[in-house]
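Okay, so here's the structure we're looking at.
No value in this document is a laboratory result; all are computed from the given coordinates. Note that the coordinates shown come from a computational prediction; the quantities given were computed from them, not determined experimentally. Glycine also receives a Cβ, built like all others from the backbone with ideal geometry; neighbour counts cover every protein chain displayed.
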Amino acid sequence: MKRPLRPEELRLWGVVAGTVHPLPGRATPVVADPAAEPTGSAPSGAIRQIRAFEPPAPGGRTRAALGDIEPNRRQRIAKDRDAIGAGLDLHGLTHDRARAALERFLHRAWDEGWRAVLVITGKGFTGDGVLRRAAPEWLAAPHLAHIVAGISEAHRRHGGEGALYVALKRKPRS
């Protein structure tokens, strides 16, 4: 027979569950709230709802709408069969400076006719860095739609989780 959870275990679980976002179309997780029963007068099944996941504001493409690089093309880039035209390392830059540097870099690479570039964002201290999370959103911006064809996580030797391959569209002939 299972023992009931202690209040400190419930509190800890509430902290953990509060960091989880449900998959699209799924219900928001709920956990028992030990704070709701300080005197024991509340029913033992008191439940509180964890904050719901809020999707990004409409108006721009998301990474899902942007799409990943075609699998065969990603494999060719990872195996150096398709050249990585240039690379940009965003380590040590602030959020705003990194975004401006990324946009300048992409325009320059596209003007030079490169088809693939490497953007190194780093992983951050806990594996979920600010630049790592923000870069796909920046790349999906409407003003870059004519340049960026897709993005994908880089192969381990090119930076793995801390880097992105960015496939660029062909520049129209003028």
**Report entry** Nonlocal amide H pairs with residue 86, under 5 Å, H built at 1.01 Å
**Finding:** 118
Report summary line: With R₀ set to 22 angstrom, the calculated FRET efficiency between the beta-carbons of residue 146 and residue 104, to the nearest 0.05, is 0.90
Query raised in the report: Taking the Cβ-Cβ separation of residue 89 and residue 21 as r and a Förster radius of 25 Å, what is the calculated FRET efficiency to the nearest 0.05?
Result: 0.25
Query raised in the report: Could you name the lysines in cross-link range of residue 123, using Cα to Cα under 26 Å and dropping any fewer than eight places away on the same chain?
Result: 79
Query raised in the report: Whose amide H sits under 5 Å from the amide H of residue 168, counting only residues 5 or more places off or on another chain, with H placed in the peptide plane?
Result: 116, 117, 149
Query raised in the report: Say each of residue 11 and residue 97 gets a label point 7 Å from the Cα, pointing the same way as Cα to Cβ; how far apart are those two points in nm?
Result: 4.1 nm
Query raised in the report: So if R0 is 45 Å, what FRET efficiency would residue 3 and residue 123 give, r being the distance between their Cβ atoms, rounded to the nearest 0.05?
Result: 0.70
Report summary line: For the pair residue 68 and residue 169, the simple spin-label estimate (label points 7 Å beyond Cα toward Cβ) gives in nm 2.2 nm
